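A.B. asks: Dropping a structure here in structure tokens format, bear with me for questions.
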Amino acid sequence: MGYVLDLRKKVGHRPLVVAGAAVIAQNSAGEILLVHRTDNQQWGLPAGSTEPGESVRQTAQRECQEETGLTVDTLVLVDVFSGPRMHYVYPNGDVIDSVTTLYRGQISGGEQHPQAAETSAVAFFDPHALPTSLTPLTKWMLCGE
């Protein structure tokens, strides 16, 4: 997330259009990997902003590994999310309009652990028994809400 943080130093909280990726990472039982975010105290998919020179597929894989300690392979494109519902104001006042590419993939390795700076917990959930405190973006991507 260095690129966006560097831009923030120049533009403050003003809106940025940000390309990014998210991944529905599943284990062998079909459960979905979610992270508990430290900024808004909600559960969400591993996701983040694309760095210069990085493909959105690489972003999805990197963010999953950084936020959860787990690697994900065999990514399949699900959809691209953009528009008014992708307008988000972070708790610190930063504003983005995100264009997020969503992938689905299988966990292929790694050691499960949260990234202290962004996530306080990492857990797998049955797709039919997701936590109620999902981020708005995760609700839209997983539940169509």
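A.B. asks: Any idea which of (1) at positive phi; (2) of a type in the set (S, T, N, Q); (3) under 12 Å from the mean Cα position of the chain (by Cα) is the one Ser49 doesn't satisfy?
C.D. replies: (1)
A.B. asks: Filter the stretch 86-107 down to the residues that are charged (D, E, K, R) and not in a loop (DSSP other than H, G, I, E, B), then identify the one that is nearest to Val18 (Cα to Cα).
C.D. replies: Within the stretch 86-107, the match that is nearest to Val18 (Cα to Cα) is Asp97.
A.B. asks: Report, by residue number, each residue of the stretch 29-73 that is farther than 19 Å from Val4 by Cα and free of Cβ contacts under 8 Å to residues at least 40 places away in the same chain.
C.D. replies: The answer is Thr71, Asp73.
A.B. asks: Same structure again: Against the conditions (1) surrounded by 16 or more Cβ atoms within 10 Å (Cβ to Cβ); (2) among the hydrophobic types (A, V, I, L, M, F, W, C); (3) not in a helix (DSSP H, G or I), where does Leu77 fall short? Just the number, please.
C.D. replies: Looking at each condition in turn, Leu77 falls short on (1).
A.B. asks: Six or more apart or on different chains, Cβ under 7 Å: which pairs go from a residue in the stretch 2-23 that's assigned to a helix (DSSP H, G or I) to one that's of a type in the set (A, V, I, L, M, F, W, C)? Could you list them?
C.D. replies: As it stands, the answer is Val4/Leu16; Val4/Val18; Leu7/Leu16, since those pairs meet every condition given.
A.B. asks: Sort through Val4, Val80 and tell me the only one that's over 14 Å from the mean Cα position of the chain (by Cα) and of a type in the set (Val, Ile, Thr).
C.D. replies: Val4
A.B. asks: Among the residues of the stretch 20-60, which ones are closer than 16 Å to Leu102 by Cβ, modelled with pLDDT of 95 or more and small (Gly, Ala, Ser)?
C.D. replies: Residues satisfying the conditions are Gly20, Ala21, Ala22, Ala25, Gly44, Ala47, Ser55, Ala60.
A.B. asks: Right, another one. Consider only pairs whose beta carbons are under 6 Å apart and that are at least six residues apart or on different chains; among these, list those whose first residue lies in the stretch 80-108 and is modelled with pLDDT of 95 or more and whose second residue is part of a helix (DSSP H, G or I) and surrounded by 12 or more Cβ atoms within 10 Å (Cβ to Cβ).
C.D. replies: Thr101/Val56; Leu102/Met141; Tyr103/Ala60
A.B. asks: In the stretch 51-67, is there at least one residue being outside any helix (DSSP H, G or I), aliphatic (A, V, I, L, M) and under 26 Å from Gln112 (Cα atoms)?
C.D. replies: no
A.B. asks: Still on this model: If you take the residues of the stretch 92-137 that are over 13 Å from Arg37 (Cβ atoms) and β-branched (Val, Ile, Thr), which of them is surrounded by the most Cβ atoms within 10 Å (Cβ to Cβ)?
C.D. replies: Once the filter is applied, the top-ranked residue is Thr100.
A.B. asks: I've got another one for you. Which condition from (1) touching a Ser or Thr at 6+ places or on another chain (Cβ under 6 Å); (2) modelled with pLDDT of 95 or more is the one that Asp73 breaks?
C.D. replies: Of the numbered conditions (1) touching a Ser or Thr at 6+ places or on another chain (Cβ under 6 Å); (2) modelled with pLDDT of 95 or more, the odd one out for Asp73 is (2).
The values are calculated or read from the model by the stated rules, or taken from the named source; none is laboratory data. Quantities reported herein were computed from a predicted structural model and do not represent experimental measurements. Note that each Cβ is placed from the backbone with ideal geometry, even for glycine, and that neighbours are counted across all protein chains shown.
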